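Please read the structure below before turning to the comments.
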Amino acid sequence: MIRQADDDRSSGGCGEPDDVGANPAFSALLEDSAEDLYENAPCGYLSTLMDGTIAKINGTLLDWLGYRRDELVGRRRFTDLLSVGGRIYHETHIAPTLSMHGEIGGLALELKAANGTRLPVLVTSVVKTGPDGTAQLIRTTIFDARDRRAYEQELLRARQDADRERDRVLKLATTLRRTLIPPTLPTIPGMDVAAYYHPASIDEVGGDFYDLFPLAGDTWGFFLGDVSGKGAPAAAVTSLARYTLRAAAASDPDPVAALAILNTVLNHEYHGIDPRFCTVIYGQLIPDANGCTVILASGGHPPAVLLGATGGARFLDIPGGQLVGALPNAHFASIEFRLDPGDTLLLYTDGLTEARTKGSVRHTEEELLTFLGPLAPTTAPGVVGAVTDLLARFGEGVDDDTALLALSLPT
């Protein structure tokens, strides 16, 4: 039994493997000559004297360049094969580096073929020294980089196409965003107004909107809202909501009636597989000799803030207002209050109160009120400027668009 195990090992059973030299295929590979490996290597080999004169070149590189051996060996220098830019680079960088360090690698150059075409290559060179350390010749390995160059050019074209597409999307988003909010706000006699739109993304359109416009007599209408979702679908709803509210205000001055009309339109248009809704605050300004009466109706929107002439800030809660467009018979509520000289009314969308601070901590409505309180008394431009600075400090914490609209009466 022991003798049988020894026989198994010697025959390549479960013991030591046979000598690879006994395999005919391996034997054929081992008989391959070093000269043949040099001449027909998958890369170019070039040996030059220290002055660059070509002393030896393999068949692979000759085939790539289209030269005969006797045209190059002893007759031409390595730099004669380079493009003009490559010669300058060789003189200013390659030759000094080889002289100082004895090697250089990973160089992207272009060789000139016999027919005048350019061959992109990657070059590595090493200086061979004698026993006494004296430099004798330079050995250079050359790899064909045509496939790599083609890949890099294709990658560059793809990047340029992507940049052009991104520019087109940015231009489209900017143009579309401008159509959803008024380019300028009208002037209301005896009142300061200010607005601001903060896009969370430069290449995506959000659903925030606002407007201010005259109604009959000295009355003014205004609204601010936020459509669910983002992108072109949200922009379409935003446009519909804005112009529907304007038309509704012209037919019925009651803010609750205007929201009801908008609810009917949205629920009719978007009640199917892609339901759309929005939150809106709609208001009416009725100026008088001592200030202004404001009627404010809410459709599920965050409460407006009143910054008083005597200081402090408080929410104007309007209980009972439901989302606009979500239900066929949604309920809307309103309040009436006075805006006196020195008072400022601020409307905002939830991008402000859903911003993240200190990592994942949400900036709440209570924190907003704490921030706004010390600003009073202020003006519409003053409070919008302060909140704009606050948004800037949030940085990437603002992940939703934010719209601001403020109205104030000077003292």
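Some observations on this one:
- Global geometry of the range 258-308, whether rounded, prolate or oblate, following the gyration tensor of its Cα atoms and the 1.5 cut on a/c: oblate
- Here the range 259-346 is treated with +1 on each Lys and Arg Cβ and -1 on each Asp and Glu Cβ, and its dipole about the Cα centre works out to around 120 debye.
- Only Lys, Arg (+1) and Asp, Glu (-1) charged, at Cβ; the range 30-88 dipole about Cα centre in debye: 480 debye
- Solvent exposure of L346, expressed as accessible area, is near 0 Å², computed with a probe of 1.4 Å over the protein chains only.
- The accessible surface of the range 250-302, taken with every protein chain in place and a 1.4 Å probe, is 61 percent carbon and sulfur.
- Considering only C292, T279, V237, the residue lying farthest towards the positive end of the dipole of the range 231-293 is V237, judged by Cα position with unit charges set on Cβ.
- Cα-based shape type of the range 230-315, given that a ≥ b ≥ c are square roots of the gyration tensor eigenvalues and the cut on a/c is 1.5: prolate
- Distances between placed amide hydrogens fall under 5 Å for R76 paired with I54, all partners being 5 or more residues away or on another chain.
- A protection proxy built from the mean count of other Cβ atoms within 10 Å ranks the segments 138-145, 219-226, 291-298, most packed first, as 219-226, 291-298, 138-145.
- Chain lengthening between A216 and A386 when straightened (0.36 nm per residue, less Cα-Cα): 57.9 nm
- Full-extension gain in nm, E35 to R68, via 0.36 nm per residue minus C-alpha separation: 10.1 nm
- Under 5 Å between amide hydrogens, built in the peptide plane, is the criterion, and for D208 it picks out V227 among residues at least 5 positions away or on other chains.
- Spin-label model distance (nm) - E367 vs Y243, 7 Å beyond Cα toward Cβ: 3.9 nm
- Probe 1.4 Å - accessible area at I88, Å² to nearest ten: 100 Å²
- Calculated FRET value between V84 and Q160, using beta carbons and R₀ = 25 Å, to 0.05: 0.40
- Highest average packing first - 106-117, 299-310, Cβ atoms within 10 Å: 299-310, 106-117
- Overall shape: oblate for the range 253-362, with the ratio a/c of the largest to smallest alpha carbon gyration tensor axis at 1.5 or above and b/c at least equal to a/b.
- Using θ = phi - 60° in the Karplus curve 6.51 cos²θ - 1.76 cosθ + 1.60, the 3J(HN,Hα) couplings for the range 91-103 round to 5, 8, 10, 5, 4, x, 5, 4, 5, 7, 10, x, 7 Hz; x is entered for Gly and Pro.
- Simple spin-label estimate for L327 and T97 gives 7.4 nm between the two label positions (7 Å along the Cα-to-Cβ direction from each Cα).
- Surface per residue (accessible, 1.4 Å probe) for the range 269-411, Å²: 43 Å²
- Residues T364, T349, sorted by accessible area with the largest first, give T364, T349 [1.4 Å probe; ligands and nucleic acids excluded].
- By accessible area with a 1.4 Å probe, ligands and nucleic acids excluded, highest first: order of Y348, Y38: Y38, Y348
The values are calculated or read from the model by the stated rules, or taken from the named source; none is laboratory data. These numbers come from a predicted model, not from an experiment. Don't worry about glycine lacking a Cβ; one is built from the backbone with ideal geometry, like all the others, and counts go over all protein chains shown. These accessible areas exclude ligands, DNA and RNA; they are computed on the full protein's heavy atoms, side chains included. Shrake-Rupley method; radii C 1.70, N 1.55, O 1.52, S 1.80 Å.
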